[in-house]
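Bear in mind that the values in this text are calculations on the coordinates, not laboratory data. This structure is a prediction, so every number in the text was calculated from the model and none was measured. FYI the Cβ positions are ideal-geometry reconstructions off the backbone, even for glycines, and counts take in every protein chain you see.
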Amino acid sequence: MNSEQLTSLLRTVLQFAGGIAVGRGWIDAETSTAIVGALVTIAVTGWGLYARRNTGLVAAAAAVPGVQTITAAPALADKVPAVNVVPVR
């Protein structure tokens, strides 16, 4: 699942929950929209920070077809579960 699909799924689930809360009278529609927007923004930001950490970037690069070898610092190479990521010698 890519980040666009994950964001769409999260937004849909939160809108559904917000609709239930509005229907039961717990909150009004404007509050629901504000809460859903804030939660999606926080989740997307968190995902972006997680995916763009060094280990995530190297793992994404290693998954690109045609990339034969990536040389990385030993500590980083040990964290990436890909056979084409090797430590610097």
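Descriptive notes on the structure:
- Top positive-direction residue, dipole computed over the chain with Cβ charges, set ILE70, ASN54, ALA38: ILE70
- Multiplying the residue separation of ALA61 and ILE42 by 0.36 nm and removing their Cα-Cα distance gives an extension gain of 4.3 nm.
- Mean projection area, nm², convex hull over Cα of the chain: 7.0 nm²
- The chain - percent relative contact order, Cα under 8 Å, separation 6 or more: 18 percent
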